[in-house]
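These notes concern the structure reproduced below.
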Amino acid sequence: MLDFADKVAKLCLDKYNSLKKSGKPTDNEWTVLSSIVLKSGVDELSVVALCTGTKCLSGKELTSTKFEERGSRLSDSHAEILTRRAFLRYLYSQIASVLKCQHSDIFILNDKGNITIKKGISFHFFSSQTPCGDCSIIPKINTSLLDGNYHPSKKIKFLNKRESAEIEVGNEVDDIHRTGAKCISTDERQDLHQPGKNYHVLGPLRTKPGRGDRTLSLSCSDKIAKWIVVGIQGSLLSLFIPMIKLETLIIGGECPFSIESMERGLFKRFNSDIVRPNIIQSSISFQQKKGGSRQNPCPSSIIWSSVPERDLEVAAEGRKQGSTKKKPGRCLLVSRRAIFKEFLEICDRYSNSPLPLHPKKITYFHCKQWSKSYQKLWHEAKVTVFRVWPSKPLELQNFTL
C-alpha cells in the first residue's frame with residue numbers, strides 16, 4: 001500500500017508542479033493540496049481533480065451576500081472541499097460524453113438507458129495534510145520514547161515516515177496537535193481549552209475557523225466522514241449515477257498523522273457500520289506546506305479538473321480571482337450556480353431523468369430534494385450517525401438560474 005500511496009502522491013505533486021504559477025503560494029506562504037485520482041485497469045492512474053486552499057468565509061460574510069450572487073460564492077475553500085467540487089465537474093463532463101454517445105473514461109449506458117460505472121474503476125483521495133477537525137487532534141509523540149527505556153502503560157498507533165508502530169505513551173503524552181475548528185454550539189461537549197492534552201475534547205462536529213466570525217462550514221474531517229456514508233457525488237448527481245465512494249485516503253508525508261486519530265475522526269466516533277476506505281500516509285511530502293519560512297496562508301486557491309474546456313481557475317475570497325463585491329464577474333465553474341447549470345443541461349439530455357417538473361421551474365434546493373434515495377440515506381445518517389449536523393440557511397440554496 002505504501003508504494004501505491006507514493007505513486008498517487010507523486011502523480012498529484014507532478015500535476016501541481018505542471019500548472020502555471022498563478023494562485024500558488026509565494027516564498028513565505030503555505031497552502032494545502034488535495035486531489036482525486038482515478039484508477040482504471042490494473043495500474044492506470046490519472047489525476048481528475050486537483051485544488052489548493054486554506055480559506056473559509058464567515059457566516060456573516062455568507063448571509064450578507066447579495067441576492068443575485070446567491071449560489072455564486074464559495075463558502076468553503078479548503079483544498080479537500082474544492083477538490084470534491086472540481087470532481088463534480090469532472091463527473092458532469094463524463095456524463096455529458098456518454099449521453100452524446102461519445103467515449104467516457106468511467107461511465108456506460110446499460111440496456112435500460114441508465115448510466116452505470118465501468119468495471120475496474122476506483123477513486124483515491126490525496127491530501128498534503130491531515131484534514132482539519134477531529135482527525136487533526138493527534139497526541140504529540142516524543143521521539144525519545146523510541147529508545148527502549150520507556151515503560152508502557154497505554155498503546156496508541158501512529159505512522160512515522162514509512163513505518164507504522166505502536167508506542168506505549170500513557171501519561172507521557174502531555175500535549176496534542178490542535179485544530180482551529182470549533183465545536184458546534186449545539187453540542188454539549190465543548191473544548192476545555194486547558195493546557196496540554198486537555199485543550200480539546202474528542203468527538204463533536206466542528207466548524208472551520210473564519211476571519212474572526214464563526215463559519216457555517218463543517219470541518220474537513222466531518223465532511224469527509226459524510227462522503228464515506230452517503231458518497232462523494234452528492235444529491236443532484238445521485239439522480240443520474242450510482243453512489244461513488246473513495247477507496248483510499250492518502251495523507252502527504254512529514255505532517256502530523258495518526259491512523260487512530262484518522263479512524264476516530266472519520267467513522268469510529270460515530271459508531272458507523274459502513275464500508276471504510278483504506279487510510280495511509282505517503283512518504284512523499286508537499287514542499288509548500290506550512291513550516292520554516294512559510295508561515296502565512298496563501299489567500300488564493302487553484303481549482304483544476306480534467307475537463308477539456310476551461311480546466312483551470314484561480315479563486316480568492318470565494319470568487320473568481322479578480323472579481324469583487326462591486327464587480328462580481330463570471331462565477332466560478334465549481335460554484336453551486338455553475339454546477340446547477342450543468343445539472344439542468346444534463347436533465348435536458350437524459351431521457352431517464354426522474355424530475356417530475358421541468359427543472360428550470362424549481363430551485364437548486366428543491367432539485368436536491370428530488371433525489372429520494374440520497375435524501376433517505378442522508379436522513380437516516382443524521383438520525384443515527386450525525387445527530388447534530390447543522391443545516392445552512394435555506395436562503396443560500398433557494399435560487400434559480
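The values are calculated or read from the model by the stated rules, or taken from the named source; none is laboratory data. Source: prediction; values computed, not measured. Cβ atoms come from the backbone with ideal geometry, glycine included; neighbour counts cover every protein chain shown.
A compact table of results
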| read-out | value |
| --- | --- |
| Top-ranked residue in region 195-243 [being among the hydroxyl-bearing types (Ser, Thr, Tyr) and not in a strand (DSSP E or B); ranked as farthest from Thr130 (Cα to Cα)] | Ser238 |
| Within region 1-64, strands (runs of 3 or more DSSP E) holding 2 or more residues that are over 23 Å from Lys290 (Cβ atoms) | 33-40, 44-52 |
| Pairs, first of a type in the set (Lys, Arg) in region 293-309, second in a strand (DSSP E or B) and crowded, with 19+ Cβ neighbours inside 10 Å, C-beta under 7 Å, six or more apart | Arg294/Trp30 |
| Lone qualifier among Gly71, Gly41, Gly59 - being touching a residue at least 24 places away in the same chain (Cβ under 8 Å), surrounded by fewer than 14 Cβ atoms within 10 Å (Cβ to Cβ) and either under 30 Å from Cys298 (Cβ atoms) or among the small types (Gly, Ala, Ser) (or both) | Gly41 |
| Residue, farthest from His177 (Cα to Cα), within region 275-286, restricted to residues that are surrounded by fewer than 19 Cβ atoms within 10 Å (Cβ to Cβ) and in contact with a Lys or Arg (Cβ under 9 Å, 6 or more places away or on another chain) | Val275 |
| Some residue of region 114-132 being touching a helix residue (DSSP H, G or I) at 6+ places or on another chain (Cβ under 6 Å), farther than 17 Å from Arg319 by Cβ, assigned to a loop (DSSP other than H, G, I, E, B) and among the hydroxyl-bearing types (Ser, Thr, Tyr) | yes |
| Counted residues, region 230-261 - those being closer than 15 Å to Glu80 by Cβ and in contact with a Pro (Cβ under 7 Å, 6 or more places away or on another chain) | 3 |
| Close pairs (6 angstrom Cβ cut-off, 6 or more residues apart or separate chains): farther than 13 Å from Ile224 by Cα in region 250-273, charged (D, E, K, R) anywhere | Ile259/Lys157; Glu260/Lys157 |
| Some residue of region 216-229 being in contact with a Pro (Cβ under 9 Å, 6 or more places away or on another chain), surrounded by 23 or more Cβ atoms within 10 Å (Cβ to Cβ) and modelled with pLDDT under 95 | yes |
| Residue satisfying condition, being modelled with pLDDT under 95 and closer than 29 Å to Arg206 by Cα, within set Ser77, Ser35, Ser72 | Ser72 |
| Residue in region 10-24 that is touching a residue at least 24 places away in the same chain (Cβ under 8 Å), touching a His at 6+ places or on another chain (Cβ under 7 Å), more than 14 Å from Gln287 (Cβ to Cβ) and among the hydrophobic types (A, V, I, L, M, F, W, C) present | no |
| Matching residues, region 287-306, being crowded, with 19+ Cβ neighbours inside 10 Å, in contact with a Ser or Thr (Cβ under 7 Å, 6 or more places away or on another chain) and of a type outside the set (Ser, Thr, Tyr) | Gln288, Lys289, Cys298, Ile302 |
| Index of the failed condition, Phe67 passing every other in (1) farther than 26 Å from Pro131 by Cα; (2) at pLDDT below 95; (3) in contact with a strand residue (DSSP E or B) (Cβ under 6 Å, 6 or more places away or on another chain); (4) not basic (Lys, Arg) | (3) |
